[in-house]
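Read through the structure below, which is laid out as structure tokens, and then see the notes.
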Amino acid sequence: MDIILKTRTKDHVMIFWERTQDEEIRRLFPFSIESLEEALILFEESLKEDALSYGKVIYFEGRYVGDIWCYGIDESNEKMSMLSVVIFEKDLWGKGIATEATKVFAKEVFNKFDIEKIGAFTYSNNYGSISLLEKAGFIKVDTFVENGIESEYFEIRNNNKVGSIRNNHTVAR
Ligand SMILES: CC(C)(COP(=O)(O)OP(=O)(O)OC[C@H]1O[C@@H](n2cnc3c(N)ncnc32)[C@H](O)[C@@H]1OP(=O)(O)O)[C@@H](O)C(=O)NCCC(=O)NCCS
């Protein structure tokens, strides 16, 4: 599959904002950003050394089709981060693009940051999201209701890191 994750630029932020004003996408995904100005400020902040978020843009067959990012990166206490992914090219849904992008991005995030797990929230009726998370190796941890909407919480653990912790432990003993 011809999928490449690239570095996000200001132009991507503007295209992403425009394309995600779509009603169906907004129903499936709770966007917290309320204006393009806010999106651009958050983008600038994400470039800083100590940023708590990190994102990439998804290219499929040479075309910019969506974004994938992690937020709430906590390397000190919880050793985790949260993940979101959006494919705004709706004609391309169901082809496995988000699943592949999530697998590659999770690997990159586990390598880049000192975290042990990645979490993801999704509405319970967002079958595309639940299916992609499961196919990418995430496991359902919790179901809860917030503001009258049923949601699910998924997690994936960094198996390599668990292995190396065990190995260190064995050596220490
Ligand atoms: C959720 C989303 C990222 C999935 O992207 P995608 O590239 O279609 O994902 P994949 O093709 O890898 O997997 C999607 C799965 O959902 C299924 N699916 C469910 N509803 C679908 C729909 N309306 N259209 C296409 N596929 C759908 C697909 O069949 C596929 O499952 P399968 O392989 O078991 O058949 C995309 O639909 C999207 O951007 N939605 C809006 C934002 C969102 O909800 N993000 C998730 C937050 S974690």
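The values are calculated or read from the model by the stated rules, or taken from the named source; none is laboratory data. Predicted model only: the values in this text are computed from it and were never measured. Because the Cβ atoms are built from the backbone with ideal geometry, glycine has one as well, and the counts that use them run over all protein chains shown. Heads up: the accessible areas ignore ligands, DNA and RNA and are worked out on the full protein's heavy atoms, side chains in. Shrake-Rupley method; radii C 1.70, N 1.55, O 1.52, S 1.80 Å.
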(request) Select from the range 96-122 the residues that are open to solvent by 10 Å² or more (accessible area, probe 1.4 Å) and assigned to a loop (DSSP other than H, G, I, E, B) and write down the one among them that is nearest to the ligand (Cβ to nearest atom). (result) GLY96
(message) Can you tell me how many residues within the range 132-152 are open to solvent by 30 Å² or more (accessible area, probe 1.4 Å) and either in contact with an Asp or Glu (Cβ under 8 Å, 6 or more places away or on another chain) or in contact (Cβ under 8 Å) with a residue 24 or more places away in the chain (or both)?
(response) 10
(request) Tell me, yes or no, whether the range 63-86 has at least one residue that is charged (D, E, K, R), open to solvent by less than 50 Å² (accessible area, probe 1.4 Å), within 22 Å of PHE154 (Cβ to Cβ) and touching a residue at least 40 places away in the same chain (Cβ under 8 Å). (result) yes
(request) Need at least 2 residues that are at pLDDT 95 or above, under 19 Å from ASN111 (Cα atoms) and in contact with an Asp or Glu (Cβ under 9 Å, 6 or more places away or on another chain) per element, so show me which strands (runs of 3 or more DSSP E) inside the range 1-74 make the cut, counting only ones lying wholly within it. (result) 54-60
(message) Against the definition (within 16 Å of the ligand (Cβ to nearest atom) and closer than 19 Å to LYS117 by Cβ), how does GLY55 come out, yes or no?
(response) yes
(message) Out of everything in the range 24-39 that is without any contact (Cβ under 8 Å) to a residue 60 or more places away in the chain and open to solvent by less than 40 Å² (accessible area, probe 1.4 Å), what residue ends up being farthest from VAL86 (Cα to Cα)?
(response) SER35
(message) Here's a check for you: in the range 58-95, which residue that is farther than 19 Å from ARG26 by Cβ and among the small types (Gly, Ala, Ser) is nearest to the ligand (Cβ to nearest atom)?
(response) GLY94
(request) Tell me which of these GLN21 doesn't satisfy, since it passes every other one: (1) surrounded by 15 or more Cβ atoms within 10 Å (Cβ to Cβ); (2) more than 15 Å from the chain's Cα centre (by Cα). (result) (1)
